[in-house]
Amino acid sequence: MCGITGILHLHPEQHCDRRLLERMNACIIHRGPDSDGYFVQGPVGLAMRRLAIIDLNTGDQPISNEDKSVWIIFNGEIFNFPDLRAQLEKKGHSFKTNTDTEAIVHLYEEYGTDCVQYLRGQFAFAIWDVARDRLFLARDRLGQIPVYYAVYNNTFYFGSELKTILQAPDFPREVNLYSIHHYLTLMYIPDPETAFEGIRKLPPAHTLVLDLADSTPRIDCYWDLNYEPKWTEPEDELRTRLRAKITEAVRIRLISDVPLGAHLSGGIDSTIVVGLMAGMMSQPVKTFSIGFREERYSETIYARQIAERFGTDHHEFVLEPDAMALLSDMMGHFDEPFADPAALPTWYLSEMTRKHVTVALNGDGGDEAFAGYARYYADPLVDLYRMVPSFIRHGLTDPVIKRLPVQSERPMEQSYTAALRGLARGADVPHSASKARWSMYFQEKEKWALYNEETRAALGNKRVSADLYSHSFRNARARNRVDRTLYTDIHHYLPGALLPKVDRMSMAHSLEARSPFLDHEVMELAARLPVNWKIRRRVTKWILRDLFKDLMPPGIEKRPKSGFSVPLGPWLQDELYEPARSLLLSNDSRTRVYFRPSEIERLLQENKSGRDNHGKRLWALLNLEVWLRKYV
């Protein structure tokens, strides 16, 4: 993968400032330390940083077509480019490199902006069409690769990371208060907004066209998932087709001219990926896992079982509670508040992995494609609880549930206390916002208790963060509740939280992450599977467990979903309590502009005493504080 950035002045008589373009490019050197490249012509400037993966010798960018009328900068991988190249050569196109980037140039010549329909991979790219005075931006279907953009002072700026745009002279760093409002509930800022007014994200599966003739960006969606009609072929044929498609998705992601390996969590998805890789590679697969000194949070024992099963070259890392020391560095890669605590282990896992390989496959996307979260079958339980009159819930049962002893931040199926607390917290949220039901950091009423009077007045009418999910749920191309929830997660939680976490933390260490389950052809096939292939008798991802049981060591196929559960609550009771309190309640605290210190003090004390586990809420506030100090 790489980093891209660029400038287009909307007045053609203005000329691109190469020095500014170089500063924009330099700030994302971590995304591509191997080389850089520039195209500057009149009002337009394109730049990129390259992490060389394919065609190490002739793959530098920008790359043009034969007559230099089309120029491209590209970030990502196109896994079907050998087939595309063969087809394009038959149509008379000539290639001067062996890279996947050049295939996109010739596809654009053939099909214009519809070229994205032919691409299978993870990508973001910018094309400058000289003849048409046109800039064309595109982002992959699932949102694995980021693109930010802004229009300021009659100039269009874009880049792989938000910080590229902040290099523009005098760019106003005005906080988007509504984005912060949603962040406090969701732990991330949802597309297409960002933490800054005037800067936006290009959503997944979208293109942006900017013609100098009208200077108004046109944004279009080019792909979406359909969950209907369901597949009707015989079960054996469908099972064979699904296994073949997942196997193919792994195989094509082994294309590389540099060393590659895999992240091994000990769960179903990464086990399948590593197992398939082991059958395809002539050398032992290099696998990498991370754990915690707190054993109840660590999954390294399962990862070791899988590593032994496939004879991998296995590496492990144990994460210590030094999170505060890392916060500023992590924020320097996210560029906006981001509170998923799994970013911590992902940072260290990527750092360790990069010492051995340049590319790592993972199991991301399996949960969203095949229904891997317990909430997919547990949502009806919340609906039953919602039937209890609110005055009884809020006045009697909720307080009783809140007094139950705090256990851990493990998933609900591993902690009944956490499940009951989730039940109570989520009862005021409709089932259309499943993710917000079970995983919201701050409830709406908790946010308004946190805000000071100035923030309440600035926000005006309340905007309910869960409504962002509900809109997608209602518009899903699906008939049943599980499929609608999957559709919603794929349009929000996946590109908003999971994929930015992996992209930023891996790219911070110049490591390319590849996700076979995020192959759009796998996603399309999975979407139209019968629902009982995904959830069966409270068993999540039933078809993956059954179809690939030959790859799994005893017991692994029965393991519940766990994920990177980070012991924030315990850490903030002990080692991190004083650093967190000092940062959030000091006289120069930046969050004082928005929040009531007394409410933050309450969260800290309740967590310290063990009365409640506010680990994730405090983590969200800490990330926001660090971001404000660093960027605003």
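The values are calculated or read from the model by the stated rules, or taken from the named source; none is laboratory data. All values reported here derive from a predicted model rather than from experimental measurement. Glycine gets a Cβ as well: all are built from the backbone with ideal geometry, and neighbour counts include every protein chain shown. To get the accessible areas, we keep the full protein, side chains included, count just its heavy atoms, and leave off ligands, DNA and RNA. Shrake-Rupley method; radii C 1.70, N 1.55, O 1.52, S 1.80 Å.
Note down the net charge around Tyr149, summing +1 for each Lys or Arg and -1 for each Asp or Glu among other residues with Cβ under 10 Å from its Cβ. Cβ neighbours under 10 Å give a net charge of +2. Only protein heavy atoms count here; on that basis, with a 1.4 Å probe, Ser609 has an accessible area of about 90 Å².
Once Rh for region 18-161 is found with the Kirkwood sum over Cα pairs, what is the Stokes-Einstein diffusion coefficient at 10 °C and 1.306 mPa s, in µm²/s? Estimated diffusion coefficient is 103 µm²/s.
Karplus-derived 3J(HN,Hα) values for region 273-288, using 6.51 cos²θ - 1.76 cosθ + 1.60 with θ = phi - 60°, are 4, 5, x, 5, 4, 4, x, 10, 9, 7, 10, x, 5, 7, 10, 9 Hz; glycine and proline are entered as x. Ranked by the mean number of other Cβ atoms within 10 Å of their residues, highest first, the peptides 512-521, 13-22 fall in the order 512-521, 13-22. Would you please state which residues of region 597-629 a label at Ala458 would reach in this model, taking the label point 7 Å out along Cα→Cβ and a backbone N cut-off of under 19 Å? Of the residues in region 597-629, 597-600, 620-629 have backbone N under 19 Å from the label point off Ala458. Residues in region 58-73 carry Karplus couplings, in order, of 10, x, 5, 10, x, 10, 10, 7, 4, 9, 6, 9, 9, 10, 9, 10 Hz; the curve used is 6.51 cos²θ - 1.76 cosθ + 1.60 with θ = phi - 60°, and Gly or Pro positions show x. Short-range pairs are left out: with C-alpha atoms under 8 Å and at least six residues apart, the relative contact order of region 113-261 is 20 percent.
The GluC sites (Glu not before Pro) of region 282-386 that meet both conditions, a loop assignment by DSSP and at most 16 other Cβ atoms within 10 Å of the site Cβ, are Glu294. Taking only protein heavy atoms and a 1.4 Å probe, the accessible area of region 43-117 is 43% carbon and sulfur. Of all DSSP bridge pairs formed entirely within the chain, close to 80 percent run antiparallel. This structure gives semi-axes √(5λ) of the Cα gyration tensor in Å, computed directly, and of [x] 53, 35, 20; [y] 38, 31, 23; [z] 69, 36, 22 that value is listed as [y]. Qualifying trypsin sites (Lys or Arg not before Pro) in region 330-407, where qualification requires a DSSP coil assignment and no more than 16 other C-beta atoms within 10 Å, comprise Lys355, Arg403. Please label the shape of region 413-569 as rounded, prolate or oblate, based on the square roots a ≥ b ≥ c of the eigenvalues of the alpha-carbon gyration tensor (a/c under 1.5 means rounded; beyond that, a/b larger than b/c means prolate, else oblate). Because a/c hits 1.5 or more and a/b exceeds b/c, region 413-569 counts as prolate. Each other residue within a Cβ distance under 12 Å of His356 adds +1 if Lys or Arg and -1 if Asp or Glu, for a net charge of +1. Close amide-amide hydrogen proximity is noted between Gly121 and Phe79, His520, each under 5 Å apart and 5 or more residues distant or on a separate chain (H modeled in the peptide plane; Pro and chain starts excluded). Projected onto planes of every orientation and averaged, the convex hull of the alpha-carbon atoms in region 221-292 covers 8.3 nm². Each residue of region 140-147 is assigned a 3J(HN,Hα), and the resulting list reads 5, 5, 9, x, 6, 10, x, 9 Hz, derived from the Karplus form 6.51 cos²θ - 1.76 cosθ + 1.60 (θ = phi - 60°), x at Gly and Pro. For Thr155, nonlocal amide neighbours, meaning residues 5 or more places apart or on other chains whose placed amide H falls under 5 Å from its own, are Leu10.
The residues of the chain expose, per residue, 37 Å² of accessible area to a 1.4 Å probe. Do any trypsin sites (Lys or Arg not before Pro) in region 435-495 lie in a loop, going by DSSP, with at most 15 other beta-carbon atoms within 10 Å of their beta carbon, and if so which? When the trypsin sites (Lys or Arg not before Pro) of region 435-495 are filtered for loop state and at most 15 Cβ neighbours within 10 Å, Lys462, Arg463, Arg477, Arg479 remain.
Determine, at each q value in 0.17, 0.18 (inverse angstroms), the log₁₀ of I(q)/I(0) that the Debye formula gives when each Cα of region 184-340 is one equal point scatterer. Here the Debye-derived log intensity ratios amount to -1.18, -1.17.
Average projection, convex hull of the Cα set of region 119-221: 7.3 square nanometres.
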